[in-house]
Amino acid sequence: MSASGGDNSSGAATASASRPSPRAKLVLLGLVVAVAAGVWWFQRGGGQWEGWGRDLQAALRQGAARGRPVLVLFTSDPIDHDARRMEQTTLTRKENRQAIQAGGYIPVLATVATALDDELSRRYSLARLPTLLVIAPDGKVLARAEGFVGEQQFRQQFLPRR
């Protein structure tokens, strides 16, 4: 009995029953980590950017060595809304992926500072993100579009005519 005259054993059982077990805490922690990892992966471009490189300098060297143009999408990190829409509606469509490959392009996703004040932004005169460029093997910019590029504009402006 407690000093107040009541039995304290039922109060202790109630208090311990409301606390999560160590196993439940571990499961919850695992769930939080899994969700955070999924969000990070998606924001870093882990979605459908299959076949798109992440190293602009390597792509430019490869383009120069092989005489192939580089198709580069400049975006922020994490990838911004318009670039994500382009991924979902334009750039990763099967027909467009095949046309990029058939055109000999080396596709690359390049992230720049969101303030557009880094060296890449100055070199390629980036005023807005996303910006899509085709860069010739000699480094000359052949095509440019700023902001969201829909499928029709992409096919007309960036893909080779047949």
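Length gained on full extension, Ser125 to Gln98: 6.8 nm, using 0.36 nm per residue less the C-alpha separation.
Distances between placed amide hydrogens fall under 5 Å for Ala110 paired with Leu73, Phe74, Thr75, all partners being 5 or more residues away or on another chain. Taking a ≥ b ≥ c as the square roots of the Cα gyration tensor eigenvalues, with a/c under 1.5 meaning rounded and otherwise prolate when a/b beats b/c, else oblate, which class fits segment 56-158? It comes out oblate by the Cα gyration axes.
Count charges around Glu151 for me, please; just the other residues with Cβ under 13 Å from its Cβ, Lys/Arg as +1, Asp/Glu as -1.
So the environment of Glu151 carries a net charge of +3.
The phi torsions of segment 81-88, fed into the Karplus equation with coefficients 6.51, -1.76 and 1.60 and a -60° offset, translate into couplings of 4, 5, 5, 5, 5, 5, 4, 6 Hz, rounded to whole numbers, with Gly and Pro shown as x. Fully extending the segment from Leu26 to Glu50, taken as 0.36 nm per residue of separation minus the present Cα-Cα distance, adds 5.3 nm. Close amide H contacts of Ala143 (hydrogens built in the peptide plane, cut-off under 5 Å, sequence separation of 5 or more or a different chain): Val134. In segment 56-158, the DSSP beta bridges split such that about 60 percent are antiparallel, to the nearest 5.
Each reported figure results from applying straightforward, stated rules to the coordinates on display, with no laboratory input. None of these values were measured; they are calculated from a predicted model. In this analysis, Cβ positions are derived from the backbone assuming ideal geometry, glycine residues included, and neighbour counts consider all displayed protein chains.
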